[in-house]
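Student: Sharing a structure with you now.
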Amino acid sequence: MACKIDPMKMEKDGILTRRSFLAASLIVSDVLFGSSLGREALAATVELEPTPACAEGDDVTPPQTAGPFYKPRSPERKSLLEPGIHGTKIVLEGNVRSTKCKPIQRALIDFWQADGNGAYDNAGYRLRGHQFADGAGKYRLETVVPGLYPGRTRHFHVRVQAPNRPVLTTQLYFPDEPGNKRDSIFNPKLVMARRGSGESQVASFDFVLDLG
Ligand code: FE
């Protein structure tokens with residue numbers, strides 16, 4: 001029944017936006033004045049309920065060591081897939097933004113990683129590549145799930161740089177990876193969200209840079 005909706009309780013529960021408050025108020029009006037408008041408004045609002053993608057004051061992405069396998073001058077490319085690569089396909093995607101929630105257009109993002117067998121290519125540039133975030137600060141990389149090598153949990157390496165700003169060097173980790181607990185430099189703030197399975201996996205991570 002519409003009359004069971006209590007706007008004050010919804011606000012207390014943290015689920016009330018300005019729009020849903022309006023809709024809930026209309027439901028109350030509905031009860032009082034016999035209109036169906038409120039019910040329709042609330043239904044529309046529920047569908048549109050936003051999950052904030054960014055909150056001002058979010059933590060900056062923490063730095064991590066580059067490790068021994070970084071090589072400068074990687075090729076510019078959005079797919080690291082090529083014939084003969086070992087590993088399960090995965091897409092890595094997300095945003096680069098400032099602590100003030102501003103997308104960072106043309107941010108440089110340079111990835112390097114082990115292949116599915118845990119091996120880095122130190123002679124050439126396999127599974128190494130950089131790209132620039134688009135006009136909305138978004139990036140997307142096609143690659144493979146990095147394999148494990150002794151002493152480390154599963155990870156990507158990345159360097160991120162806003163135009164004319166210092167480089168952030170860090171690493172990204174997989175959720176529910178058993179090795180996370182045993183890796184002394186693992187940082188839970190650097191865990192990607194992961195969805196899909198098999199060859200249709202997508203991992204996502206938003207880089208947050210402090211531009212002052
Ligand atoms: Fe590594």
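The values are calculated or read from the model by the stated rules, or taken from the named source; none is laboratory data. None of the values given here were measured: they were computed from a predicted structure. Using ideal geometry, Cβ is built from the backbone for each residue, glycine included, and neighbour counts are taken over all protein chains shown.
Student: Check Tyr120, Tyr125 and return the single one that is modelled with pLDDT of 95 or more, within 19 Å of Tyr173 (Cα to Cα) and of a type in the set (Phe, Trp, Tyr). Before you say what the answer is, go through the steps one by one.
Tutor: Details: Tyr125 fails: within 19 Å of Tyr173 (Cα to Cα).
From the options Tyr120, Tyr125, the qualifying one is Tyr120.
Listed here are the residues, each with its yes/no results for (1) assigned to a helix (DSSP H, G or I); (2) at pLDDT below 95; (3) in the same structural domain as Arg140 (by TED's automatic domain parsing); (4) under 20 Å from Ala133 (Cα atoms).
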position: Asn164; (1), (2), (3), (4): no, no, yes, yes
position: Leu172; (1), (2), (3), (4): no, no, yes, yes
position: Pro175; (1), (2), (3), (4): no, no, yes, no
position: Asn180; (1), (2), (3), (4): yes, no, yes, no
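Student: Any chance the stretch 142-161 includes a residue that's within 16 Å of the ligand (Cβ to nearest atom), over 22 Å from Pro68 (Cα atoms) and in contact with a Phe, Trp or Tyr (Cβ under 7 Å, 6 or more places away or on another chain)? Steps first, please.
Tutor: From the stretch 142-161, those within 16 Å of the ligand (Cβ to nearest atom) are 143-159; that's our starting set.
Those still in the list that are over 22 Å from Pro68 (Cα atoms) too: none.
Looking through the stretch 142-161, none of the residues is within 16 Å of the ligand (Cβ to nearest atom), over 22 Å from Pro68 (Cα atoms) and in contact with a Phe, Trp or Tyr (Cβ under 7 Å, 6 or more places away or on another chain).
Student: Further question on the same structure: Is it true that some residue in the stretch 192-210 is within 13 Å of the ligand (Cβ to nearest atom) and either of a type outside the set (Lys, Arg) or in contact with a His (Cβ under 7 Å, 6 or more places away or on another chain) (or both)? Before you say what the answer is, go through the steps one by one.
Tutor: First, pick out the residues of the stretch 192-210 that are within 13 Å of the ligand (Cβ to nearest atom): none.
Scanning the stretch 192-210, I find no residue that is within 13 Å of the ligand (Cβ to nearest atom) and either of a type outside the set (Lys, Arg) or in contact with a His (Cβ under 7 Å, 6 or more places away or on another chain) (or both), so the answer is no.
Student: Given the criterion modelled with pLDDT of 95 or more and outside the structural domain of Asn122 (by TED's automatic domain parsing), identify the matching residue among Leu32, Leu37, Leu80. Spell out how you get there, then give the answer.
Tutor: Working: Leu32 fails: modelled with pLDDT of 95 or more; Leu37 fails: modelled with pLDDT of 95 or more.
Leu80 is the lone residue from the list that is modelled with pLDDT of 95 or more and outside the structural domain of Asn122 (by TED's automatic domain parsing).
Student: Something else: Just for the stretch 91-102: of the residues that are away from the ligand (no atom under 16 Å from the Cβ) and in a strand (DSSP E or B), which one is farthest from Ser197 (Cα to Cα)? Give the steps one after another, and end with the answer.
Tutor: So in the stretch 91-102, the residues away from the ligand (no atom under 16 Å from the Cβ) come out as 91, 93-102.
Of the ones still in play, those that are also in a strand (DSSP E or B) are 91, 93-98.
On the way: Val91: 11, Glu93: 16, Gly94: 18, Asn95: 22, Val96: 25, Arg97: 28, Ser98: 31 Å.
Filtering the stretch 91-102 for residues that are away from the ligand (no atom under 16 Å from the Cβ) and in a strand (DSSP E or B), the one farthest from Ser197 (Cα to Cα) comes out as Ser98.
Student: Of Gly151, Gly124, Gly116, Gly135, which residue is within 18 Å of Ala203 (Cβ to Cβ) and either of a type outside the set (Lys, Arg) or touching a helix residue (DSSP H, G or I) at 6+ places or on another chain (Cβ under 6 Å) (or both)? I'd like the intermediate steps shown before the answer.
Tutor: Details: Gly151 fails: within 18 Å of Ala203 (Cβ to Cβ); Gly124 fails: within 18 Å of Ala203 (Cβ to Cβ); Gly135 fails: within 18 Å of Ala203 (Cβ to Cβ).
That would be Gly116, the only listed residue that is within 18 Å of Ala203 (Cβ to Cβ) and either of a type outside the set (Lys, Arg) or touching a helix residue (DSSP H, G or I) at 6+ places or on another chain (Cβ under 6 Å) (or both).
Student: Would a scan of the stretch 103-111 turn up a residue that is modelled with pLDDT of 95 or more, assigned to a loop (DSSP other than H, G, I, E, B) and within 15 Å of the ligand (Cβ to nearest atom)? Before you say what the answer is, go through the steps one by one.
Tutor: If we filter the stretch 103-111 for residues that are modelled with pLDDT of 95 or more, which is where we start, we get 103-111.
Remaining after also requiring assigned to a loop (DSSP other than H, G, I, E, B): 104-107.
Imposing the further condition that a residue be within 15 Å of the ligand (Cβ to nearest atom) reduces the set to none.
Taking every residue of the stretch 103-111 in turn, none turns out to be modelled with pLDDT of 95 or more, assigned to a loop (DSSP other than H, G, I, E, B) and within 15 Å of the ligand (Cβ to nearest atom).
Student: Any residue at all in the stretch 122-137 that's touching a Lys or Arg at 6+ places or on another chain (Cβ under 9 Å), touching a residue at least 12 places away in the same chain (Cβ under 8 Å) and within 11 Å of the ligand (Cβ to nearest atom)?
Tutor: For the stretch 122-137, residues touching a Lys or Arg at 6+ places or on another chain (Cβ under 9 Å), touching a residue at least 12 places away in the same chain (Cβ under 8 Å) and within 11 Å of the ligand (Cβ to nearest atom): absent.
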